[in-house]
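The block underneath contains the structure these notes are about, expressed in structure tokens.
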Amino acid sequence: MSDLKLAVILGSTRPGRKGAAVADWVLTKAKERTRADYELIDLLDYPLPHLDEAVPASRGAYAGEHTKAWAAKIGEYDGYVFVTPEYNHSTSGVLKNAIDYLYAEWNNKAAAFVSYGALGGTRAIEHLRAIASELQLAHVRQQLSFSLFSDFENFSAFTPSAMHDDAATVLFGQLESWAGALKTVRS
């Protein structure tokens, strides 16, 4: 068992979402690795209302029980793989909301991004990179982008091409290296 604990965050709660299949694929690939333990966090299991904390997250004065539970969960991990759809050239509102709830729990940890959409979801990742920088969340260069046209059969069943396997290996390697290095910064 590794001392690195990483989360795969499923950033969609939409009915009929395609993200569950993508997140399952990511988690299956991650579980083949030995350098870190990976777990799935499904935002369906954390039904956060639209941001309702009166005090900015950077102050750490969380009032809501839902916020405290979310903070405790996110605080357990050394890094994250964000699985995001692309909606209107950005990430999902539910993922942005979940990220905005917290601050210190993200600091000095590592992040990687996996997206899906008509154009692979790359614009969603670009927005998440800017958000991660503000949260002192170090994001790795490698990313995975799945096209609804070529990685989903009939725009429905997730059937990623084999070329994503090598990219996933690089993504996990970078994430684990950065998460390990940043763990020393936090200690």
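For the range 1-156, the solvent-accessible area of protein heavy atoms averages 46 Å² per residue (probe radius 1.4 Å; ligands and nucleic acids excluded). A run of the chain free of exposed loop cleavage sites, with GluC sites (Glu not before Pro) counted only in DSSP states other than H, G, I, E and B and at most 12 other beta carbons within 10 Å, reaches its longest extent at 77-187.
Hey, any idea what % of the range 77-187's accessible area is carbon plus sulfur with a 1.4 Å probe?
Roughly 56 percent, rounded to a whole number.
Just round it to a whole percent: the fraction of Cα-Cα distances in the chain exceeding 20 Å. Pairs farther apart than 20 Å: 51 percent. Straight-line reach from K18: taking Cα to Cα under 20 Å and skipping same-chain neighbours fewer than 8 places apart, the lysines in range are K29, K96. Across the range 46-61, rounded Karplus estimates of 3J(HN,Hα) from the backbone phi angles (6.51 cos²θ - 1.76 cosθ + 1.60, θ = phi - 60°) give 10, x, 7, x, 3, 2, 10, 8, 6, 9, x, 4, 4, 7, x, 9 Hz, Gly and Pro being marked x.
Structural descriptor for the chain: relative contact order 22 percent, calculated from alpha carbon pairs under 8 angstrom and at least 6 residues apart.
Of all beta bridges DSSP finds with both residues in the chain, what is the antiparallel percent, to the nearest 5?
Close to 10 percent.
Between I9 and I41, V81, F82, V83, the built amide H atoms are under 5 Å apart, and every one of these is 5 or more places off in sequence or on another chain.
Roughly how many debye, to the nearest 20, is the charge dipole of the range 70-133 about its Cα centre, given +1 on each Lys and Arg Cβ, -1 on each Asp and Glu Cβ, and no other charges? Computed about the Cα centre, the dipole is about 100 debye. The residue list S2, L175, G19 was ranked by how far each Cα lies along the charge dipole of the chain toward its positive end, using unit charges on Cβ atoms, and L175 comes out on top.
Segment S156..E126, full-extension length gain: 8.3 nm, with 0.36 nm per residue of separation and the alpha-carbon distance subtracted.
Assuming charge only on the beta carbon of Lys and Arg (+1) and of Asp and Glu (-1), the dipole of the range 140-187 about its Cα centre is about 400 debye to the nearest 20. Net length available on complete extension from H50 to R141 is 29.7 nm, with 0.36 nm assigned per residue and the Cα-Cα distance removed. Distance between the C-alpha centers of the range 19-49 and the range 62-78? Whole Å please. Spelled out, the Cα-based centre of one part sits 18 Å from the other.
Between amide H atoms placed 1.01 Å from N, distances below 5 Å from Y62 occur with no residue 5 or more places distant or on a separate chain.
In a DSSP loop and with at most 11 other Cβ atoms within 10 Å, there are no chymotrypsin sites (Phe, Trp or Tyr not before Pro) in the range 69-120.
Estimated from helical segments only, the mean residue ellipticity of the chain at 222 nm is -12000 deg cm²/dmol, where each DSSP H run of four or more residues counts as -39500 (n - 2.57). Per-residue 3J(HN,Hα) values for the range 22-33, derived from phi via the Karplus relation 6.51 cos²θ - 1.76 cosθ + 1.60 with θ = phi - 60°, read 5, 4, 4, 4, 4, 5, 4, 5, 5, 5, 6, 8 Hz in sequence order (x marks Gly and Pro).
The values are calculated or read from the model by the stated rules, or taken from the named source; none is laboratory data. Quick caveat: nothing in here was measured; it's all calculated off a predicted structure. Positions of Cβ are generated from backbone atoms using ideal geometry, with glycine treated the same way; all protein chains shown enter the neighbour counts. Remember, those area values only see protein heavy atoms, side chains included, never the ligands or the DNA or RNA. Shrake-Rupley method; radii C 1.70, N 1.55, O 1.52, S 1.80 Å.
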